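Pasting in a structure now, in structure tokens, and then I'll have a few things to ask.
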Amino acid sequence: MKIDRLLAMTVLLLNRGRVSAKELAERFEVSKKTIYRDMDTLSQSGIPIVAHQGTAGGFEIMEQYTIARQYLTLNEIEAVVAAVRGINTVMDDHVFASLLEKVKTQLNQVDREHPEQQGTGIVFDFNPWGQGTAAREKVNMLRQAVESSSLVEIGYLNMNGKESQRVIEPVVLILKSNIWYLHAYCTLRHNFRVFRLSRIQHLRIMGQHFVRRPAPSLDGYVWDEQWSQFTKEEVVITFQPKVRYRIVDTFHPEQITILEDGSIQVKGQYVADEWFYGMLLSYGESVKVEEPNYIAEELVNRAQKIIERYCKVDR
């Protein structure tokens with residue numbers, strides 16, 4: 001519908017600034033003539049559209065213009081409320097509490113009096129079940145350090161179980177699938193590192209401030225293969241039917257095949273690191289590595305060491 005397109009264009013111009021007619025036409029799948037007509041319509045409705053000519057030309061909205069409440073639907077406002085409330089589950093911060101109240105004020109009196117009519121059907125809660133207040137305190141302390149550019153001393157446990165003392169310059173907190181990470185400059189390694197918060201055994205905000213260094217972009221904080229010292233391997237694993245509920249929680253659907261006897265086969269590229277071996281051992285007798293052989297042999301060696309450890313127990 002035209003009204004939906006006009007509203008979407010207004011929001012886009014408010015967020016992006018100057019946008020060319022060509023880009024608008026491609027984005028909304030209409031002709032450039034339609035875009036020019038739409039801009040005239042927006043101008044006539046009172047939205048201050050400015051047109052610029054030349055190779056760097058395009059349309060933009062005059063500075064200081066803001067979109068009014070009536071342009072937002074109840075569901076859109078509720079989606080923002082849900083997202084901010086979700087952040088509040090892990091951030092004990094007055095800024096987000098204040099933001100939540102400000103967003104709620106966009107609800108009119110009728111909306112507030114009939115909460116049963118509200119809701120997007122989504123609840124954001126970034127605090128895992130069963131997790132105490134320690135993780136939340138750690139997040140808040142590190143966020144404080146990021147905002148104040150304060151050096152932080154940490155005791156960090158690496159993947160081999162070795163703890164080292166570090167002094168870091170925190171840059172940004174990252175939440176990936178209920179797991180918190182910290183992007184920071186490590187003065188021990190003289191480079192930027194990504195630290196997993198659960199492996200930070202203790203931390204102390206130091207009284208010393210630092211000058212921020214130009215931090216490398218993490219490109220949306222996607223996984224970088226260079227972070228791992230291992231290479232991926234094509235792995236074929238067979239699981240017994242009784243652990244199927246765990247399989248669908250752990251592996252991608254495209255990697256899962258249900259065999260004729262009901263067993264589950266998983267095939268994909270994986271890194272044979274400590275996490276991988278620990279994950280496989282957690283399935284006990286319900287898992288069998290078909291390929292490659294060296295992973296199966298390593299599982300046997302680890303299982304034998306477990307048996308030997310219990311055989312040495314004085315009963």
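The values are calculated or read from the model by the stated rules, or taken from the named source; none is laboratory data. A quick note: this is a predicted structure, and the numbers were derived from the prediction, not measured. Ideal geometry is used to build each Cβ from the backbone, glycine not excepted, and the neighbour counts take in all protein chains shown.
Please verify whether V211 is among the β-branched types (V, I, T), at pLDDT below 95 and assigned by TED's automatic domain parsing to the domain that holds N158, treating the condition exactly as stated.
yes
Please work out which residue is modelled with the highest pLDDT, limiting yourself to the stretch 4-31 and to residues that are polar (S, T, N, Q) and closer than 17 Å to E63 by Cα.
T10
Here's another thing I want to ask about it. Identify the single condition in (1) of a type outside the set (S, T, N, Q); (2) without any contact (Cβ under 8 Å) to a residue 12 or more places away in the chain; (3) closer than 13 Å to R213 by Cα that K162 does not satisfy, given that it satisfies every other one.
The one condition K162 does not meet is (3).
Oh, and also: Taking the condition of being among the aliphatic types (A, V, I, L, M) and assigned to a loop (DSSP other than H, G, I, E, B), how many residues in the stretch 41-59 meet it?
Summing the residues that are among the aliphatic types (A, V, I, L, M) and assigned to a loop (DSSP other than H, G, I, E, B) in the stretch 41-59 gives 2.
Okay, residues lined up against (1) at pLDDT below 80; (2) surrounded by 11 or more Cβ atoms within 10 Å (Cβ to Cβ):
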site	(1), (2)
K2	yes, yes
K33	no, no
F59	no, yes
Y65	yes, yes
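Further question: Being closer than 17 Å to E290 by Cβ and either part of a strand (DSSP E or B) or touching a residue at least 40 places away in the same chain (Cβ under 8 Å) (or both) is the filter here, so list the residues in the stretch 243-279 that pass it.
V243, I256, T257, I258, I264, Q265, V266, K267, G268, Q269, Y270, A272
Then there's this: How do the pairs read when you match residues in the stretch 37-60 that are at positive phi with residues anywhere that are of a type in the set (V, I, T), using Cβ under 7 Å and keeping only pairs 6 or more apart or on different chains?
Taking only residues 6 or more apart or on different chains, the pairs are G58/V19.
E298 is checked against (1) in a strand (DSSP E or B); (2) of a type in the set (D, E); (3) closer than 30 Å to R193 by Cβ and fails just one. What number does that condition carry?
(1)
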